[in-house]
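To keep things clear, I will list the structure first and then write my remarks on it.
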Amino acid sequence: MEEFNLIDAVERLTPEIFRTYKGISKNICANVDLYSGFIYRMLSIPEDLFTPLFAVARVAGWSAHRIEELETGKKIIRPAYKNVAAKREYVKLDERIHDIHISGKYVPASERIEK
């Protein structure tokens, strides 16, 4: 309940804080993703899967936006992506799977043994 109450407070208080400090008077509603991590945790979904679940759920929408931009010639709806990760060599999928699975059992990133 502690985590839920925190998220609920963020949802309730953010519009008031934006009005007070930013002078924004439009109605601000929380995105459904505000609660996603909380729900994933309740379902015992490993934290390592939170981002992939988020992304997979949006691929169709992102693709539709890009197709629309290409077909209409108008500006891109989504902001440009700027990779801030350090460059690294590509690792083949079957070589990566060894690090993630031990005897077919999922191993969280925090428990994986680095090569």
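Coordinate-derived values only; no laboratory data. Please read these numbers as outputs of a predicted model, since none were measured by experiment.
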Query raised in the report: Expressed in nm to one decimal, what extension gain is obtained for the pair VAL56 and SER25 from 0.36 nm per residue of sequence separation less their Cα-Cα distance?
Result: 7.8 nm
Requested in this report: Quote to one decimal, in nm, the extra length available between ALA85 and GLU3 on full extension: 0.36 nm per residue of separation minus the C-alpha distance between them.
Outcome: 26.5 nm
